[in-house]
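Single-structure report; data block below.
The values are calculated or read from the model by the stated rules, or taken from the named source; none is laboratory data. Keep in mind that this is a model prediction, so the values were computed, not measured. Note that we place each Cβ from the backbone using ideal geometry, even for glycine, and neighbour counts take in every protein chain shown. Protein only, heavy atoms only, side chains kept; ligands, DNA and RNA dropped before computing areas. Shrake-Rupley method; radii C 1.70, N 1.55, O 1.52, S 1.80 Å.
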Amino acid sequence: QVQLVESGGGLVQSGGSLRLSCAASGRIFSVYVMGWYRQVPGKQRELVAGISSGGSTNYHDSVKGRFTISRDNAKNTVYLQMNSLKPEDTAVYYCNLELGLYDYWGQGTQVTVSS
């Protein structure tokens, strides 16, 4: 079993920054992919950014140049640095861990960007 604990969400003004963290614990092996997704009511959950165990990253087009994903393998933790936030970034952000055939999710953290 794998547990994911997120932190760092909150309310910020447009143009501001937030840093999300997600710590994974449990039966984790060295090769896995972690990422951040977000969801707003009435819409599907979408991938914001992902990072492989080797450090390869990918981003949603809307956040490229503003968000940076990183990970600390020793701590089994992934981070999402969000800069130049926009009101359209408002969503519940979920941490995700892909381990083999299994997907694990955090509880979600609310990010609200006011205009």
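What order do Arg38, Arg71, Arg19 take when sorted by accessible area (1.4 Å probe), most exposed first?
The residues order as Arg19, Arg71, Arg38, largest area first.
At 1.4 Å probe size, with the rest of the protein present, what percent of the exposed accessible area of region 1-81 is carbon and sulfur atoms?
Here it works out to 49 percent.
In a shell of Cβ-Cβ distance under 14 Å around Ser14, excluding Ser14 itself, what net charge do Lys and Arg (+1) and Asp and Glu (-1) give?
Local charge sum for Ser14: 0.
Let me check something: with ligands and nucleic acids excluded, how do Lys43, Lys86 order by accessible area (1.4 Å probe), largest to smallest?
Per-residue accessible area, sorted high to low, gives Lys43, Lys86.
Given the options Ala23, Ala74, Ala91, state which has the largest fluctuation in a GNM of the chain using a 10 Å cut-off (strictly under) for Cα springs.
Ala74
Return the single residue from Ile28, Ile69, Ile51 with maximal mean-square fluctuation; model: Gaussian network over the chain, springs between Cα atoms under 10 Å.
Ile28
How large is the accessible surface per residue of region 36-115, computed with a 1.4 Å probe and reported in Å² as a whole number?
53 Å²
Taking the alpha-carbon set of region 31-77, what are its Rg and Dmax in Å?
11.7, 37
Given the Cα atoms of region 1-86, and with Rh set as the inverse mean 1/r over their pairs in the Kirkwood sense, what is Rg to Rh to two decimals?
0.97
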